[in-house]
Amino acid sequence: MGKTIKKHGMTTEKARRVKLRGHNKEYLFAELIGGKVVKGVNKIDVYDKNGRGYTVKGGSEVKGKSGTEGRWQLFMFGKRRFENDLNFPARELFIEILNSFPKTREEYDKNPEIYKKRVKIPMIKLKNYLSDKTKMHSFFDKAIFNFRLDFLVIYHNDIFHIFDREEILDIFGKYLKVTTNKTTQKVVFQYKEKLWIEIEVRKTEGKFPSILLITNKLKILKLLSDNIEKFEKRTRNIYTYGKTIDYFNDYFSADKK
């Protein structure tokens, strides 16, 4: 008998909880800073009264754990997305990676070793590409900020931790080491010799094949807080870090004038 493929997607109820929790945090943050929520395609951004943009990240659920322990999916895109988005960093390499696989999971399962061997070459190319600090900067600028948002907000234990875009990208370039995993099936970013961020091919039925970029909210929070000395507890629910401190000094003081 053939191997049964297990589904890895969320249940309807879990998807509803994750979606609701995600929506709640954006609206709550917008209320705290006197901003507004702007809905896009499959995403929600927050803009403050000065027109500066924020992406608010919490973290999805992990089986058997609470939502606060969850992973952060930066993106999951199929080949069409890379073909259509001409400004996506490393788009040709992502297309080459996806072209290493057949069109269906059924075909892949007939002889997966062929495709695992085939994908190694473009994965090494992608690792070499992202080892260039300028290219890594551009890649994460697209993945996190879509080249236009100004701040990342990490929501954890009822606290909104606010970080500056350029400060984040500089830290990523300075402290993350790019390599592949042992099987050369993934490109990974390490911090202090430990796995921090992964680029892999998602092979789930219905998503096959897609490029998946994942990390963990607590890992990103640690990376940033380890390497930004200054932070300020702005309110009971808002902490500002590094370059965001002066901005929010001015931002909140303007309300008092």
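The values are calculated or read from the model by the stated rules, or taken from the named source; none is laboratory data. Owing to the predicted nature of the structure, the values given are computational and were not obtained by experimental measurement. Note that each Cβ is placed from the backbone with ideal geometry, even for glycine, and that neighbours are counted across all protein chains shown. Calculation scope for accessible area: heavy atoms of the full protein, side chains included, ligands and nucleic acids excluded. Shrake-Rupley method; radii C 1.70, N 1.55, O 1.52, S 1.80 Å.
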* **Sole residue being open to solvent by 40 Å² or more (accessible area, probe 1.4 Å), charged (D, E, K, R) and at pLDDT 95 or above, chosen from R52, R71, R21** => R52
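Yes/no matrix, rows are residues, columns are (1) surrounded by fewer than 18 Cβ atoms within 10 Å (Cβ to Cβ); (2) not in a loop (DSSP other than H, G, I, E, B):
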| site | (1), (2) |
| --- | --- |
| N87 | yes, no |
| E107 | yes, yes |
| E113 | yes, yes |
| K117 | yes, yes |
| P122 | no, yes |
| L126 | no, yes |
| T134 | yes, yes |
* Considering only residues of the stretch 89-105 that are open to solvent by 70 Å² or more (accessible area, probe 1.4 Å) and in a helix (DSSP H, G or I), which is farthest from T183 (Cα to Cα)? -> E92
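Would you call N42 open to solvent by 80 Å² or more (accessible area, probe 1.4 Å), within 19 Å of the chain's Cα centre (by Cα) and either on the phi > 0 side of the Ramachandran plot or at pLDDT 95 or above (or both)? First the steps, then the outcome.
Working: open to solvent by 80 Å² or more (accessible area, probe 1.4 Å): yes; within 19 Å of the chain's Cα centre (by Cα): yes; either on the phi > 0 side of the Ramachandran plot or at pLDDT 95 or above (or both): yes.
Answer is yes for this residue.
Conditions tested, residue by residue: (1) open to solvent by 40 Å² or more (accessible area, probe 1.4 Å); (2) part of a strand (DSSP E or B); (3) at pLDDT 95 or above; (4) within 25 Å of E26 (Cβ to Cβ).
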| position | (1), (2), (3), (4) |
| --- | --- |
| F172 | no, no, yes, yes |
| I199 | no, yes, yes, no |
| T215 | no, yes, yes, yes |
| K219 | yes, no, yes, yes |
| Y239 | yes, yes, yes, yes |
* Residue in the stretch 187-196 that is over 23 Å from G58 (Cα atoms) and surrounded by fewer than 20 Cβ atoms within 10 Å (Cβ to Cβ) present -> yes
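For the stretch 223-232, state whether one or more residues are part of a strand (DSSP E or B), open to solvent by less than 30 Å² (accessible area, probe 1.4 Å), at pLDDT 95 or above and touching a Phe, Trp or Tyr at 6+ places or on another chain (Cβ under 8 Å).
Taking the stretch 223-232 first, the residues part of a strand (DSSP E or B) are 231-232.
Pick out the ones that are also open to solvent by less than 30 Å² (accessible area, probe 1.4 Å) and you get none.
No - not one qualifying residue is present in the stretch 223-232.
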